Amino acid sequence: MYQAPRGTSDILPPEQRYWSYIKQTAAAICELYGYQRIDTPTFEDAHLFVRSIGEDTDIVEKEMYSFEDKGGDQITLRPEGTAPVCRAYVEHGMHNLPQPVRLYYMAAIFRYERPQAGRYREHHQFGVEALGDADPALDAEVIGIAWQLYVNLGLKRLALSLNSIGCSDCRPRYLESLKTYYTQHKDSLCPDCKRRLAKNTLRLLDCKNPACLAPTEQAPRSIDYLCPECADHFDQLKSYLNLLNLPFSLSHRLVRGLDYYTRTVFEIAPEGETGSQVAIGGGGRYDNLIEQLGGKPTPAVGFATGIERLVLNLKKQDVVVPALPPPTVFVAYLGKEARDEAMKLTSHLRKSRISAIASLSERSLKAQLKQANVSGARYAIIIGDDEVKSKTVVLRNMAKGEQQTVPIDKVAETFR
Ligand SMILES: [Zn+2]
Ligand SMILES: [Zn+2]
């Protein structure tokens with residue numbers, strides 16, 4: 001027996017209403033904010049991700065699905081959504097458009113992770129990217145989109161964490177002092193952090209290992225090391241968030257797992273939970289990334305949220321998600337002549353944009369009506385010998401159990 005590969009899952013029909021609810025809500029919000037959809041390929045040149053995410057990150061070191069294709073090219077299945085959008089921005093000369101360029105995507109993401117609840121090797125993300133402007137008002141806008149998405153979906157007890165990790169001018173000084181600090185506490189750090197200390201000091205701050213939590217409490221904070229420009233940017237962002245009534249708390253441990261972030265980083269999580277599953281989405285500013293990928297210097301900011309994790313939280317918070325529309329009609333029949341009429345009528349209904357399912361093979365009327373019930377159809381049409389003779393059908397309202405006789409050529413009209 002074959003099974004879906006470890007860390008992947010089938011999204012079966014009963015789950016689809018969650019997905020369609022999230023996708024529709026997200027697309028509607030993007031429309032409100034003037035963001036346009038972009039789709040990029042499922043795989044890219046491997047170097048795009050090594051260059052953007054950073055060689056010393058967990059993703060590049062351990063989690064990428066990379067392979068050489070039959071032509072000898074190094075290929076990687078998309079492990080995150082931002083770098084491909086930036087690649088497309090540069091490739092298609094979007095810097096020539098009025099800035100910022102506001103884009104959104106919904107895409108499958110691939111990471112070789114240890115599977116656990118809400119974490120998959122193939123998962124899906126909704127994300128937005130606003131490219132070409134450094135104004136902190138744009139950071140506030142992107143955070144506003146994230147917040148409104150969760151609120152509109154019906155999630156409650158949301159908490160927004162915020163930090164600024166500075167720019168290439170002020171961060172080296174901060175990293176230096178962070179490294180000095182953690183070196184003093186090296187003995188108490190977890191093995192991963194001992195290794196990270198040399199090349200990826202920032203990541204020590206968000207290590208979830210209990211051993212590392214205590215030293216991290218007292219660790220130097222990036223906001224104390226910001227250059228005047230970064231400090232001003234962060235102050236403005238905070239004042240805009242206040243203006244927009246977006247409640248936030250500062251978190252000096254928040255750094256995000258990718259090298260390309262500059263200045264603003266943020267996460268949103270349902271309050272009152274602990275552990276690695278806590279954030280449902282996050283993002284930040286990445287002012288150097290597009291230049292790194294061969295474009296002109298282009299400040300940008302973005303946000304992404306995992307759709308599987310959203311589904312999980314919608315269920316956890318008992319959010320009522322609208323059901324997908326059931327078929328309008330189930331067409332049942334008795335006898336061979338009635339069967340021909342049923343086939344013709346079903347076809348006619350569909351051409352009239354009325355969704356219809358036709359019964360198959362010879363079954364008792366009772367069995368067919370049971371099927372109609374299971375299908376969720378709002379009406380059943382019954383055609384028997386009498387109806388064939390009188391060129392009529394019996395139209396039954398499934399919920400009320402009421403029936404009426406309708407001329408067969410007036411059925412579509414009756415629904416309209
Ligand atoms: Zn700075
Ligand atoms: Zn650690």
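The values are calculated or read from the model by the stated rules, or taken from the named source; none is laboratory data. Since we're looking at a predicted model, the values are computed, not measured. Note that we place each Cβ from the backbone using ideal geometry, even for glycine, and neighbour counts take in every protein chain shown.
Summary table below
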{"read-out": "Among (1) part of a strand (DSSP E or B); (2) in contact (Cβ under 8 Å) with a residue 40 or more places away in the chain, the one test that Ile357 misses", "value": "(2)"}
{"read-out": "Test: Ala211 is touching a helix residue (DSSP H, G or I) at 6+ places or on another chain (Cβ under 7 Å), within 16 Å of ligand 2 (Cβ to nearest atom), in a loop (DSSP other than H, G, I, E, B) and at pLDDT below 95", "value": "no"}
{"read-out": "Flag for Val101 being in contact with a helix residue (DSSP H, G or I) (Cβ under 9 Å, 6 or more places away or on another chain) and assigned by TED's automatic domain parsing to the domain that holds Pro41", "value": "yes"}
{"read-out": "Candidates Ile290, Ile268 - the one that is outside any loop (DSSP other than H, G, I, E, B), within 21 Å of Asp169 (Cβ to Cβ), away from ligand 1 (no atom under 16 Å from the Cβ) and in the same structural domain as Glu91 (by TED's automatic domain parsing)", "value": "Ile290"}
{"read-out": "Residue within segment 130-142 that is touching a helix residue (DSSP H, G or I) at 6+ places or on another chain (Cβ under 7 Å) and within 16 Å of ligand 2 (Cβ to nearest atom) present", "value": "no"}
{"read-out": "Filter result for Phe43 (more than 30 Å from Pro327 (Cβ to Cβ), in contact with a strand residue (DSSP E or B) (Cβ under 6 Å, 6 or more places away or on another chain), modelled with pLDDT under 95 and surrounded by 13 or more Cβ atoms within 10 Å (Cβ to Cβ))", "value": "no"}
{"read-out": "The lone exception for Tyr261 - which of (1) closer than 30 Å to Cys207 by Cα; (2) at pLDDT 95 or above; (3) among the aromatic types (Phe, Trp, Tyr) it fails", "value": "(2)"}
{"read-out": "Filter pass, Gly306 being under 16 Å from the mean Cα position of the chain (by Cα) and in the same structural domain as Pro98 (by TED's automatic domain parsing)", "value": "yes"}
{"read-out": "Matching residues, segment 218-243, being within 14 Å of ligand 1 (Cβ to nearest atom), more than 32 Å from the chain's Cα centre (by Cα) and not in a helix (DSSP H, G or I)", "value": "Tyr225, Cys227"}
{"read-out": "Whichever residue in segment 152-176 is closer than 11 Å to Leu202 by Cα, touching a residue at least 12 places away in the same chain (Cβ under 8 Å) and part of a helix (DSSP H, G or I) and, among such residues, is nearest to ligand 1 (Cβ to nearest atom)", "value": "Arg171"}
{"read-out": "Filter result for Ile11 (in contact (Cβ under 8 Å) with a residue 40 or more places away in the chain, touching a helix residue (DSSP H, G or I) at 6+ places or on another chain (Cβ under 8 Å) and among the aliphatic types (A, V, I, L, M))", "value": "no"}
{"read-out": "Matching residues in segment 360-377 - criterion: being surrounded by 18 or more Cβ atoms within 10 Å (Cβ to Cβ) and not in a helix (DSSP H, G or I)", "value": "Ala377"}
{"read-out": "Output for segment 297-317, where each listed residue is assigned to a loop (DSSP other than H, G, I, E, B) and either at pLDDT below 95 or touching a Leu at 6+ places or on another chain (Cβ under 7 Å) (or both)", "value": "Thr298, Gln317"}
{"read-out": "Residue among Ser355, Ser390, Ser361 that alone is among the hydroxyl-bearing types (Ser, Thr, Tyr) and on the phi > 0 side of the Ramachandran plot", "value": "Ser361"}
{"read-out": "Sole exception among (1) modelled with pLDDT under 95; (2) assigned to a loop (DSSP other than H, G, I, E, B) for Asp409, by number", "value": "(2)"}
{"read-out": "Single match in Leu241, Leu254, Leu237, Leu324 (criterion: in contact (Cβ under 8 Å) with a residue 12 or more places away in the chain and within 16 Å of ligand 2 (Cβ to nearest atom))", "value": "Leu254"}
{"read-out": "Qualifying position, being outside the structural domain of Pro270 (by TED's automatic domain parsing), more than 30 Å from Gln317 (Cβ to Cβ) and within 27 Å of the chain's Cα centre (by Cα), among Leu189, Leu175, Leu202", "value": "Leu202"}
